[in-house]
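Presented below is the structure to which this report refers.
The values are calculated or read from the model by the stated rules, or taken from the named source; none is laboratory data. None of these values were measured; they are calculated from a predicted model. Backbone-built Cβ (ideal geometry, glycine too); neighbour counts: all protein chains shown.
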C-alpha cells in the first residue's frame, strides 16, 4: 500500500511531467489562460492519460508480448490514444458544450500530448504491473492537472498585471513556468526517502 | 441592548470638535435664492409659477412629478425673477433647471396648510400625504422622498423604525447639534413617524462620540413607550442604513432589496425634525442645518440655511476661506461630492459644506498596488476591492460586475486605508456608471426592437390594406360584366 | 507478418466499433445558432453592418462569413457576447468604441418633407407635412438613415448629450498612477 | 459637453503609505541584522552591503529601461527590503558575487520582468535564493561558526574584504554545519536524530542565535521581537506566522513522537533554519501572499507543511524558500476561491432570501 502511495507522490510531484520532465508543454501553455478551461483540460487529460495507460498496458501484455510484436508498440499505442481522445471529445461535447468550445483544437490535440504517449511508453520501460501502470498514469495526470490549474491561476493574475510590453503574454508565461520549475526542484531527492 | 457585529470599517480622524460646540445660528436672508427643481432622488419637480409671479414664504413653486418625486417651495417671500438652467451642486457642474427668487426682505409666510390635530390618531395616509406635500426628503444625504418611505406599510410588514443619528461622517455635526438643541421636536417627529408606519418598536441610534446628544435625546424620550435611545460604537460606516440595521437588529438586508423587506425602516433624525414642522405647523422644508467646517474655512459652525442660498454667501457668512484653494465639497469627506464652484446653491441634501486643506485630505499621487489586503479587511460589504480595481483598470466590466462591484456602497473605507493611495472608489464609481449606462442601452435596445417590430407589422398591414384597396378599386373600376343571374335592378 | 496485420486490423475494428456505438449514444443536436445570434443583435435593422438586416447578419455570423465585431451600434459588449456564443476570440482593443449618437433636427433648415419619417425604423421621428420634425431621443438608435435621406441636410448625428441623469465618474487618469 | 472633474471621494486618508510600510519592516529587521553583523564580522557586513547595493542598482536600471521615473520607487524601500531579506538568507561568508548575482536575479527576473512593484507573483528574494542554491550549491551551503567582532579570532576589516572579495577563505578552518544540515548528514551516516540533538544542540545558543547559519536567520529572539513589533504596528497580521509555525511545530512534534530517531522535534523545527525569518518577514510579503485572512491561514499551513516535507524527506536540508515559492504559485488560486461573504448574499453570491428571522 505504502509503495503505491509513494509511486503516486513520486509521479505527481517529484517527477512532475511538466515541470521536471518537461513533457506536454504545448497544452500546458495553450490551455492555461483561464482557470475554468484549465480545470476542464485537466479532467479530460486525466481521463485520457489514465485510460490509455491501462489500455496500453493491456495491449502490451496480452498482444504485443505474446505475439512478439514489440516493433508495433508506438503504432498501436497511438491508435489506442487516438481512440480514447475521440471518445473523450464526444463525451465533452455532450456533457459541456461550453467547455468543448473553449478547449477548441486543444481537445483533439491531447492525442499529440507527448505526456500521454510518454507515460504509456515509460510504463513498458519500467516494467510496471497493471496497478502500477494505472497509478503511474493517474499520478502523472494528477501532476499535470494540478500544475495546469495553478499555472492558469498565475496567468489570470498576470493578465491583470502591468507586465512590460517585451514580456507580456507568452514570454512572462515561460518565465513564470521556469520559476515554478525551479520551486519544484525543492522536491528533488525525495524518491530516495 | 445587545448589538451585533458588523464587518470591516475604518476609524478616520473625526475632527468634529471644529464645529460640534458651535450652536446652530440662522443665516441672514440672501437677496437672491436659486432653488433647483431636483433636490431629491426621482423625477424633477415641475414649476407652477412663472417669471414675474410673487410668492410667499413656503408657497409651492414646483409640484412633484410621478410616484417618486418631491415638490419644491419658496424659501422666502419675494418675486420669481428667472427660471433658468444653472450650475447644479454636483461634481459634473452640469446645469439644472432652477427657479430664482428675489427676496422682498419681508420673509412673510404664505398661507400654510393647517396643522394636523392630534397626529397620533390621524390616519397614516394623511401623515404621509402631508409629509409629501411639504417636500420632505431624507436629510441624511440620500434625499429619498420621505413620504414614500412613510407609506411602506401597505406593501411591507414592518416592525421596527430605526432613527439614524449615527452621523458617522467626519466633520459633520448638524445632526449632533439638532439632537442637542431640538430633542423634544425630534422625538415628537419620531412618534408621528412611528405612528404612521405602525411599528411596535423605535430605536434611536447615536454614535458614542456624541455623549451630549445621546443625553439630551434620552432625556427627551423619557417616558415614551417602546422607544429606546442607544449609543453605538464609533466606527465608519456605522451610519450606512443596512449596516446600522444589522448592528441593531442582527437582520441582514438581502442584496438588491430594501431594509423594509426585512421589516425595518430607517429615517434620519433631521427628517424627523422636518416631519414635526410639517405636521404640527404645516411648514414645508425650506431650510436645513448645514455644518460648515474644515481648516479651510475661517469660522466653522452650524448654520440654518434657507434652501437656495449660494455656497459662496454661506462661506462668506462664516468668515470666508483661510487659503486660496482648499478642497471644497458638499457632504462629509468620506462620501461627499466635490463642488464645481462656489456659485451653487445649498439644497435639501446638503448636510455639510467642507473646505479641506492638503494636510487634512492627505491626497497623494497613486502608486502601484502592493496587494496588502487592507482594503479587503476594511470593506464593510465583504468585497475584494484589490481584485475589482484590477479588473476595472483593464475595463473588464463584466468580470468586475461578477466580482460584486454593483454591491459596493462607495463608503470609501478602502480608498481611505490604501497605502498606495489608489482612488479605488473612483474606479468603482466609474464601473458602476458604465454598467448602468450599458444597462440603459440594453433597455433602450429592447424598446427600439419592439418599436421596430411594431412598425414592421404596421407597414405589412398597411401594405396589405393597400393591396386590398387596390384590388377593390380595380374591381370597382372594371366594367361590371353583365351577369345573367343578377337582378336587372342593378342596372337601373 | 500476418499476425501483425491481423492484430492491427483487429484493434482498428474494435476501436472503430466502440467509437461508433459511443457516437450513437453521445450524439449532440445542433443548436439553432442563427436564431440565438439574431436574438443577441440589436434588431433595429439599421444595416450599418453591410447586411440587409439583423437576420441576414446573424446567418452570416453563423456561417463564419462575418466577424463578431460587425455591429457598430452594439459596441464592444455585443462583440464580446457574439464571440463567446461563437466560441471564437476577438481582439476587442481594435474595435473602436463608437460613441452612441442620436439624430438632431436643425429646425432652421427642416422643410417638413416627411422623408425621414418614412425611413425611420423605430418611429423616432415625429412631425407632419410642412411642419418641423423632431426626434424622440429616447427611442432613436442612431442608425443615421434619416440624416442620409434628408434633402436639406437638416439632420445631423450628435453624441448623446450628457445630463445629470446619465453622467458618471470618469476613470482615474492612469498617468496619475505610479508617479 | 465634456466635463472635467478631479478626484472623487474620499477626501480623507489614513496616515499610511508604501514607504511607511516598508520602512517599518526594515526597522523590525534591524536588531536581528545588527546582532548577526556583530556575530559573523566584517565578511558578513561586506556581503550584506553588496547585496543591498546590487538590488538597488538593478532596480534603478530596470526602472530606467521601463521608462518609469526613478523616484519614488527607488526610495520607497521595496528594493532595499528585497536585497536585505536576500542577504539575510545567504551564508555569511559567501563571496561578493553571490550577493551581486542574487540581487540582480531577485529584482530583474523576480520583480521587474513582471512589471515592477506589486505585479510579481513570486517573492523576489526567494526567487534569488532558490536560483542561487540550485546554480551554486557549494558556496550556498558553506556556513561558518560564529566569530563575534569582539572575539580574538574574528577577521579584521581588511581580512574581511579579502574573504568577501578575494575568495581567501580557508574552507576547512572555518566551515561549520548549520543545525538542519548537521542533523541531515548525521542521519545519512546512520546516527539517529535524537542522539545528534542531545549531543550537539545548545538550546540557549539557538535561541540567542550564536550558532552557524545564514547571515540573518540565527537569532530567534530578535526575529521574534521584530515580528511581534510588525504585528503590533498592524503591518502584518498573526495569521500567516501562526499558521505556518503551528503547522511546522505540530508536524514535527507528531512525527518525532512516532520515531524520535528519524525525526527531529517541533521546537527544533521552529528555532532552526529560516523558520522565524520566513514566518514573520518572508511569507508575510504583502504582494505575493493571499489578501484575505482565511486565505492567509491556508497559505501559512501550506508553507509550513511543504517546509516540513522538504526538510524531512527531500534532498535539501532547508525547504522554506521552496515552500514559499510553491505557495506563492498557489496564491492566485487561493484568492480566487477564498473570498469573504458579500453583505446580503450567500457565500455563493446569491442574494439572501428576505424571509424574516424573528
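Considering each of B:432, B:449, B:444 in turn, give the residue that is outside any loop (DSSP other than H, G, I, E, B), modelled with pLDDT of 90 or more and at the interface with chain C (Cβ under 9 Å from one of its Cβ atoms). Step through it out loud before you land on a result.
Values: B:449 fails: modelled with pLDDT of 90 or more; B:444 fails: modelled with pLDDT of 90 or more.
Testing whether each residue is outside any loop (DSSP other than H, G, I, E, B), modelled with pLDDT of 90 or more and at the interface with chain C (Cβ under 9 Å from one of its Cβ atoms) leaves just B:432.
Just a yes or no: is a residue in region B:452-474 modelled with pLDDT under 80, farther than 30 Å from residue C:71 by Cβ, more than 10 Å from chain C (Cβ to nearest Cβ) and loosely packed, with under 10 Cβ neighbours inside 10 Å?
no
Would you point out which residue out of B:380, B:419, B:365 is in a loop (DSSP other than H, G, I, E, B), within 8 Å of another protein chain (Cβ to nearest Cβ) and surrounded by fewer than 22 Cβ atoms within 10 Å (Cβ to Cβ)?
Checking each option against the conditions leaves just B:365.
Name the single residue that is nearest to the other protein chains (Cβ to nearest Cβ) among those in region B:252-264 being surrounded by 23 or more Cβ atoms within 10 Å (Cβ to Cβ) and in a helix (DSSP H, G or I).
This residue is B:262.
Working only within region D:34-80, note down all residues that are within 23 Å of residue D:221 (Cα to Cα) and out of contact with any helix residue (DSSP H, G or I) (no Cβ under 7 Å at 6 or more places or on another chain).
D:34, D:38, D:39, D:40
Looking at (1) facing another protein chain (nearest Cβ under 7 Å); (2) in contact (Cβ under 8 Å) with a residue 12 or more places away in the chain; (3) buried (at least 22 other Cβ atoms within 10 Å of the Cβ), find the lone condition where residue A:183 falls short.
All conditions are met except number (2).
If you go through region A:135-151 one residue at a time, do you hit one that is within 17 Å of residue A:7 (Cβ to Cβ), within 14 Å of chain D (Cβ to nearest Cβ), under 16 Å from the mean Cα position of the chain (by Cα) and crowded, with 20+ Cβ neighbours inside 10 Å?
Scanning region A:135-151 turns up at least one residue that is within 17 Å of residue A:7 (Cβ to Cβ), within 14 Å of chain D (Cβ to nearest Cβ), under 16 Å from the mean Cα position of the chain (by Cα) and crowded, with 20+ Cβ neighbours inside 10 Å.
Looking at the structure I just gave you, is residue B:72 surrounded by 17 or more Cβ atoms within 10 Å (Cβ to Cβ), under 21 Å from residue B:40 (Cβ atoms) and not assigned by TED's automatic domain parsing to the domain that holds residue B:173?
On the way: surrounded by 17 or more Cβ atoms within 10 Å (Cβ to Cβ): yes; under 21 Å from residue B:40 (Cβ atoms): yes; not assigned by TED's automatic domain parsing to the domain that holds residue B:173: yes.
When the stated conditions are applied, residue B:72 passes them.
Please state which of the following conditions residue B:337 fails to meet, knowing it meets all the rest: (1) under 27 Å from the mean Cα position of the chain (by Cα); (2) surrounded by 24 or more Cβ atoms within 10 Å (Cβ to Cβ); (3) touching a residue at least 40 places away in the same chain (Cβ under 8 Å).
Result: residue B:337 passes all but (2).
How many residues, within region A:13-40, are under 10 Å from the mean Cα position of the chain (by Cα) and part of a helix (DSSP H, G or I)?
Of the residues in that region, 3 qualify.
Looking at (1) within 14 Å of chain A (Cβ to nearest Cβ); (2) not in a loop (DSSP other than H, G, I, E, B), find the lone condition where residue D:251 falls short.
In the conditions (1) within 14 Å of chain A (Cβ to nearest Cβ); (2) not in a loop (DSSP other than H, G, I, E, B), residue D:251 misses (1) alone.
Looking at residue B:157, is it surrounded by fewer than 22 Cβ atoms within 10 Å (Cβ to Cβ), free of Cβ contacts under 8 Å to residues at least 60 places away in the same chain and either out of contact with any helix residue (DSSP H, G or I) (no Cβ under 6 Å at 6 or more places or on another chain) or more than 25 Å from residue B:241 (Cβ to Cβ) (or both)?
no
Give region D:1-38 a look and list any residue that's surrounded by 24 or more Cβ atoms within 10 Å (Cβ to Cβ), at pLDDT below 90 and more than 7 Å from every other protein chain (Cβ to nearest Cβ), or say none.
D:36
Taking into account only those residues within region D:303-342 that are assigned to a loop (DSSP other than H, G, I, E, B) and facing chain A (nearest Cβ under 8 Å), which is surrounded by the most Cβ atoms within 10 Å (Cβ to Cβ)?
D:319
Yes or no: region B:184-200 includes at least one residue that is away from every other protein chain (no Cβ under 14 Å), under 15 Å from residue B:259 (Cβ atoms), within 22 Å of the chain's Cα centre (by Cα) and buried (at least 21 other Cβ atoms within 10 Å of the Cβ).
yes
Determine, yes or no, whether residue B:78 is at pLDDT 90 or above, at positive phi and either surrounded by 15 or more Cβ atoms within 10 Å (Cβ to Cβ) or in the same structural domain as residue B:196 (by TED's automatic domain parsing) (or both).
Taking the combined requirement at face value, the residue satisfies it.
Hey, any hits in region A:164-178 for a residue that's within 14 Å of chain D (Cβ to nearest Cβ), over 29 Å from residue D:136 (Cα atoms) and touching a helix residue (DSSP H, G or I) at 6+ places or on another chain (Cβ under 8 Å)?
Yes, some residue in region A:164-178 is within 14 Å of chain D (Cβ to nearest Cβ), over 29 Å from residue D:136 (Cα atoms) and touching a helix residue (DSSP H, G or I) at 6+ places or on another chain (Cβ under 8 Å).
Please go through region A:72-81 and pick out each residue that is more than 8 Å from chain C (Cβ to nearest Cβ) and surrounded by fewer than 22 Cβ atoms within 10 Å (Cβ to Cβ).
Within region A:72-81, A:73, A:74, A:78 meet the criteria.
Yes/no per residue for (1) buried (at least 24 other Cβ atoms within 10 Å of the Cβ); (2) in contact with a strand residue (DSSP E or B) (Cβ under 9 Å, 6 or more places away or on another chain):
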residue	(1), (2)
B:178	yes, yes
B:211	no, yes
B:250	no, no
B:282	no, no
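So which of A:55, A:63, A:103, A:99 ends up being within 12 Å of chain C (Cβ to nearest Cβ), without any contact (Cβ under 8 Å) to a residue 24 or more places away in the chain and touching a helix residue (DSSP H, G or I) at 6+ places or on another chain (Cβ under 7 Å)?
The unique qualifying residue is A:63.
Could you check region D:192-203 and list, in sequence order, the residues that are surrounded by fewer than 19 Cβ atoms within 10 Å (Cβ to Cβ) and modelled with pLDDT of 80 or more?
Across region D:192-203, the qualifying residues are D:192, D:194, D:195.
Which condition does residue D:257 not pass, out of (1) part of a loop (DSSP other than H, G, I, E, B); (2) more than 21 Å from the chain's Cα centre (by Cα), if it passes all the others?
Every listed condition holds for residue D:257 apart from (1).
Among the residues of region B:392-416 satisfying the criterion of being away from chain C (no Cβ under 12 Å) and without any contact (Cβ under 8 Å) to a residue 24 or more places away in the chain, which is surrounded by the fewest Cβ atoms within 10 Å (Cβ to Cβ)?
B:402
Could you list all residues from region B:212-241 that are part of a loop (DSSP other than H, G, I, E, B) and touching a residue at least 24 places away in the same chain (Cβ under 8 Å)?
B:224, B:226, B:233, B:234, B:235, B:237, B:238, B:239, B:240
Return yes or no: is residue A:82 out of contact with any helix residue (DSSP H, G or I) (no Cβ under 6 Å at 6 or more places or on another chain), modelled with pLDDT of 90 or more and over 17 Å from residue A:7 (Cα atoms)?
Answer is no for this residue.
When only residues in region D:106-127 that are part of a helix (DSSP H, G or I) and facing chain A (nearest Cβ under 10 Å) count, which is surrounded by the most Cβ atoms within 10 Å (Cβ to Cβ)?
Looking at residues that are part of a helix (DSSP H, G or I) and facing chain A (nearest Cβ under 10 Å), I get D:126.
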